[in-house]
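Okay, structure first, notes after.
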Amino acid sequence: MVESKYTHSPPLYTPAPGLYTSADRFRAYIETHYGVVLSDFAALHDFSITHANDFWMALWRFFEHAKLNYAENLLIGEDDEIAIKSLTEEDLSCPQEVTWKDLRQSTASLADAIKSSGFQRQDVVTDLGASALEARLAQLRPKFIFVEASYQYNGKRHYVLDKVEKVLQRLTATNSTQVVVMGNLQEHSKHLNLDNFLKRGTGQPLQFEQVPFNRPLVVMFSSGTTGAPKGIVHSHGGLVINGKKEHLLHNDFGSKDVYYHYTNITWALWNIVICALSCGTTIIMYDGSPFYPTPETFLEKMLATGVTAFGAGPKYYSELQKRKLQPGTYPNKVDLLLSTGAVLTPEQAEWLRESFGPICQISFSGGTELCGSFVHGSRSVPTYAGEIAVKALGMDVSVLSLDGEPVPDGESGELVCRKPFPNMPVCFLHDSKRKRYFSTYFETIPGVWTHGDFIKINPSTGGIYILGRSDGVLNPSGVRFGSSELYSVLERSVFLFVKLNAALNGRLREIEDDIRSAIGIDLSKRHIPEYIFEVDAIPYNVNGKKLEIPVKKILCWGPSTMSNLRVSAAEMKTLEPFVQFYHVNSTSDHTAALDKARL
């Protein structure tokens, strides 16, 4: 198995003797109130799924001053403490600091203006950036849209209002939508800028309405790569209780922590980061590219903000590794590294340990559907390279076959959750009978939430390996396996770093033979690919995830599928070269196939 190299390796991180985390404090709380003995984090997780109702009720009581209003839970910090540090490309050295008092006041002003503009319950407010799709807005039918007139990325100013206008013109024909623009407007624009919109307020103080647990709060959209984007409706209570659980009990955040995670507002992760405010944690918001003006400068300036928890995706960490940067050489206070969005390979995890030292690393994986994680990490347990340390508290995660049978540890299968959890979606937009909801999550294995991830559990450590998306699973010779199993082999060797050129053309067959040999030794003969092709670039989406599913569609269905792919123009450009490989499998002669692929 791929993970055999790491099964008995020393952990990347081991909790210090006497470490007492928020999870330990909650464990003691459960022991006192329920008369049980929970010796460690694993015992706490077992309690959380065998006594699920008791666990979630105890969790809610454990959060002092928790209220059933999302905003009220976030705005909890002391007046003069810092809630947000805001940075832009134009001024990396001088972050703008927003106190909790300032944040409450600006929230009050915006809420006052929205209410004074006729906003009512069930109306929709949308924050619209350049990449928002018409399909999403058409589903939302928003009453208010907040639009950025322009943004700066990688040193360039991008003006997007004209592009947004074209979408709005098609929407406002059937909807009475008010547009508020953040930025400069033309003199005779029919829209409001933010300053004028805020003047609609009547000076009302900030008031928090206490709402039912399942009251809809926010709509998040799936990527739409494999179909129309799903409008996923999340509740006040679900996001509050799960956000507090993950940030307090898993990440061990508190009022002394400063959290930065490289993300964008189109991703569920942005909403997850915001929830760290509910622990009194300071969050850092950065508007720009993490490689501007240089990767070194950005990293140095970001670490200088006093960040204690630094998060990014494996793609970002791999770029730092390729550039041979040593983040630990910059003055910093980082004691927690986080990673999500794709698989953090064992080699990347080892490199992070060498670069930052033996501090806690937390990889986590979940989805937009729960705005949270099924598997996570904890400062209370050791972390091993290539693994996600624990099943998230309250999540009855298991591995099943497609027939619904339990899969032994060490073997691959479907990630399922066998019991309900409070941050399940309220519904999908325009899915009144919940047909799409149930077909998406409860049809593959009837009655069980089947998430669509292909995983296995290390029998020695209990750690979880994310092997890939289930619809991207490879199935040669009747054996299902995830693409990450192949990546882990290649990234342990020089193959990843070989840039083929004319001088190496004569060695292509030799390199292919080396690749096949390594895969056969580390995995099995059934994992060995029939064809290996050279490409100029690996296609990624904006969140750093490999576009494996679109590539698989192209290879299976050819050029005809290109028009049905829901990807950006930049992503489409990186996918186009794969069309040439569509006919390869029908060519019997391997040499002829290679020549055909390189035409």
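Among the residues of the range 454-504 satisfying the criterion of being at pLDDT 70 or above and β-branched (Val, Ile, Thr), which is nearest to Asp514 (Cα to Cα)?
Result: Val489.
If I filter the range 322-333 down to residues being free of Cβ contacts under 8 Å to residues at least 40 places away in the same chain and in a loop (DSSP other than H, G, I, E, B), which single residue comes out as surrounded by the most Cβ atoms within 10 Å (Cβ to Cβ)?
Per the stated criteria, the residue is Asn332.
Tell me, yes or no, whether the range 68-81 has at least one residue that is touching a Phe, Trp or Tyr at 6+ places or on another chain (Cβ under 9 Å), of a type in the set (Val, Ile, Thr) and under 30 Å from Gly288 (Cβ atoms).
yes
Checking Glu347 against (1) part of a strand (DSSP E or B); (2) farther than 21 Å from Ala43 by Cβ, which single condition isn't satisfied?
Unmet for Glu347, out of (1) part of a strand (DSSP E or B); (2) farther than 21 Å from Ala43 by Cβ: (1).
Just to be sure before I move on: is Ala312 more than 21 Å from Ala83 (Cβ to Cβ) and either buried (at least 21 other Cβ atoms within 10 Å of the Cβ) or at pLDDT 90 or above (or both) in the structure I sent?
Yes, satisfied.
If you scan the range 517-559, which residues turn out to be within 30 Å of the chain's Cα centre (by Cα) and among the polar types (S, T, N, Q)?
Once the filter is applied, which keeps residues that are within 30 Å of the chain's Cα centre (by Cα) and among the polar types (S, T, N, Q), the range 517-559 yields Asn541, Asn543.
For the range 366-396, how many residues meet the condition of being part of a strand (DSSP E or B) and either crowded, with 22+ Cβ neighbours inside 10 Å or free of Cβ contacts under 8 Å to residues at least 24 places away in the same chain (or both)?
Count: 10.
Looking at this structure, is Leu352 over 28 Å from Glu548 (Cβ atoms), in contact with a strand residue (DSSP E or B) (Cβ under 8 Å, 6 or more places away or on another chain) and buried (at least 20 other Cβ atoms within 10 Å of the Cβ)?
Spelling it out, it is not the case that Leu352 is over 28 Å from Glu548 (Cβ atoms), in contact with a strand residue (DSSP E or B) (Cβ under 8 Å, 6 or more places away or on another chain) and buried (at least 20 other Cβ atoms within 10 Å of the Cβ).
Might you check whether a residue that is in contact with a Cys (Cβ under 9 Å, 6 or more places away or on another chain) and either modelled with pLDDT under 95 or surrounded by fewer than 16 Cβ atoms within 10 Å (Cβ to Cβ) (or both) occurs anywhere in the range 411-420?
no
Hey, does the range 400-412 have a residue that's of a type in the set (A, V, I, L, M) and touching a helix residue (DSSP H, G or I) at 6+ places or on another chain (Cβ under 8 Å)?
No - not one qualifying residue is present in the range 400-412.
Could you pull out the residue among Phe26, Phe41 that is surrounded by 13 or more Cβ atoms within 10 Å (Cβ to Cβ) and out of contact with any strand residue (DSSP E or B) (no Cβ under 9 Å at 6 or more places or on another chain)?
Phe26
Counting just the residues of the range 167-192 that are surrounded by fewer than 11 Cβ atoms within 10 Å (Cβ to Cβ) and at pLDDT below 75, which one comes out nearest to Pro290 (Cα to Cα)?
Gln186
So which pairs qualify, if the first residue must be in the range 97-114 and among the β-branched types (Val, Ile, Thr), the second must be in a helix (DSSP H, G or I), the Cβ gap must be under 7 Å, and the two must be at least 6 apart or on different chains?
Thr107/Ala71
Of all the strands (runs of 3 or more DSSP E) wholly in the range 205-321, which have at least 2 residues that are within 27 Å of Pro15 (Cβ to Cβ)?
Per the criteria, 258-261, 282-287, 309-312.
What are the pairs, 6+ residues apart or on separate chains, where a residue within the range 522-542 that is surrounded by fewer than 15 Cβ atoms within 10 Å (Cβ to Cβ) has its Cβ under 7 Å from a residue that is modelled with pLDDT of 80 or more and of a type in the set (Lys, Arg)?
Filtered contacts from the range 522-542: Ile538/Lys546.
Tell me which of these Ala389 doesn't satisfy, since it passes every other one: (1) modelled with pLDDT of 95 or more; (2) in contact with a Cys (Cβ under 6 Å, 6 or more places away or on another chain).
For Ala389, the failing item is (2).
Check Asp46, Asp54 and return the single one that is among the charged types (D, E, K, R), over 22 Å from Glu387 (Cα atoms) and at pLDDT 95 or above.
When all the criteria are applied, what remains is Asp54.
The values are calculated or read from the model by the stated rules, or taken from the named source; none is laboratory data. In this text, all values refer to a predicted model and were calculated from it rather than measured experimentally. Because the Cβ atoms are built from the backbone with ideal geometry, glycine has one as well, and the counts that use them run over all protein chains shown.
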